[in-house]
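Worksheet: the structure to be examined is printed underneath.
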Amino acid sequence: MADDPAPFVPLKSLTQGRPDPAAALAEIRRIYFKTTKRTIENDFAHAVDLLKSLPDEETRERATVYMEGLAQMRKEWAPKGHRQKAKGKNRDL
């Protein structure tokens, strides 16, 4: 995985603290529409961090559709060996 880009950390989050909830939701939406197979892991991690920054459950629920979509893309774009391992674990249950 040496070809993967470095984890993305927006400079604003380091200098300004928690993002505005509306801005965080907008960023999660932007990530959903702009993610690629190459960037999905970092994008997903960034979206999770943004989701954690949201102040309440009601606000987090508004991000659900984008987070579920990102999770689905992450699952579909996972390396084939990784998917097989995950499927094998579920069969043992």
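A crude spin-label estimate for the pair E61 and R74, with each label 7 Å from Cα along the Cβ direction, gives 2.3 nm. Compute the Cα gyration tensor for the range 35-84, then decide on rounded, prolate or oblate, letting a ≥ b ≥ c be the square roots of its eigenvalues: rounded whenever a/c is under 1.5, prolate when a/b is larger than b/c in the other cases, and oblate in all that remain. Here the range 35-84 falls in the prolate category.
Read the figures in this text as sums done on the coordinates, not as results from a lab. What you see is a predicted model; the values in this text were computed from it and never measured. In this analysis, Cβ positions are derived from the backbone assuming ideal geometry, glycine residues included, and neighbour counts consider all displayed protein chains.
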